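Peer 1: Let me begin by handing over the structure; questions about it come next.
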Amino acid sequence: MTAIATKSVKVGKYVDVNHVNTLVRNYKQERWRQNSEHIGKDDTLSVWYSLEELEEFINKAKKSGANGIRLHFGAYPENFAPNPLFSKQQTVVFVATKNKHDDEGGYTEKNVYVGAQILAYNYGGMCPVYCPSTKKPLTGDDADFGGLGITIVDRGDKGISVL
């Protein structure tokens, strides 16, 4: 029997808190303010999912032949009927994908379907809309309230926001 070698498709890496703070601060300064002004309310700063539901999605993706997940940025339409609080808010959607390497060192990527439906996951805990409590936790890391520091955003003639 001949074994078939597979190439790893890892592209990310672990980062430290300074890297995370820089990315979040840049988003708040460069995108959040404009997005919020455009939609007329504070736009999404984060989306939360439980480990349980992410593991469930990953396991379903693996069983369906996926070897990756693409994270798409999106925005709910105005007057979003399933949850009006989400209207116009930015979100993320996970889409299961299958990458295949070719002989030239490149690869092709296709979305994974189960039957006629794309294998995708959405509707996380968006903040703002559903934000974690700012109360100090009773146990755990006393220095972390679930946030990543603060950012002062200059909103021009509309004042400043502390996020």
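Peer 1: Just rank Leu119, Leu54, fewest to most, by other beta-carbon atoms within 10 angstrom.
Peer 2: Leu54, Leu119
Peer 1: With θ set to phi - 60°, apply the Karplus curve 6.51 cos²θ - 1.76 cosθ + 1.60 along region 36-45 and write out the HN-Hα couplings as whole Hz, x wherever there is a Gly or Pro.
Peer 2: Result, rounded to whole Hz: 4, 4, 5, 8, x, 6, 4, 7, 5, 9.
Peer 1: If amide H atoms are built 1.01 Å from N in the plane of the peptide, which residues on other chains or at least 5 residues away come under 5 Å of the amide H of Asn67?
Peer 2: For Asn67, whose amide H was placed from the backbone, the distant partners under 5 Å are Thr97, Lys98, Asn99.
Peer 1: Arrange the peptides 55-65, 84-94 so that the one whose residues have, on average, the most other Cβ atoms within 10 Å appears first.
Peer 2: Numbers: 55-65: 13.9, 84-94: 16.7.
Descending mean neighbour count gives 84-94, 55-65.
Peer 1: List, in the order given, every pair from Lys10/Lys63; Lys60/Lys88; Lys13/Lys88; Lys28/Lys100 whose Cα-Cα distance in the structure shown is over 24 Å.
Peer 2: The pairs that break the limit, which is 24 Å between Cα atoms, are Lys60/Lys88; Lys13/Lys88; Lys28/Lys100.
Peer 1: Further, regarding this structure: Can you sort Arg33, Arg155 so the residue with the fewest Cβ neighbours within 10 Å comes first?
Peer 2: Listing Arg33, Arg155 from fewest to most nearby Cβ atoms yields Arg155, Arg33.
Coordinate-derived values only; no laboratory data. Just so we're clear, the structure is a prediction, and the values are computed from it rather than from any experiment. Virtual Cβ from ideal backbone geometry, glycine too; neighbours counted across all protein chains shown.
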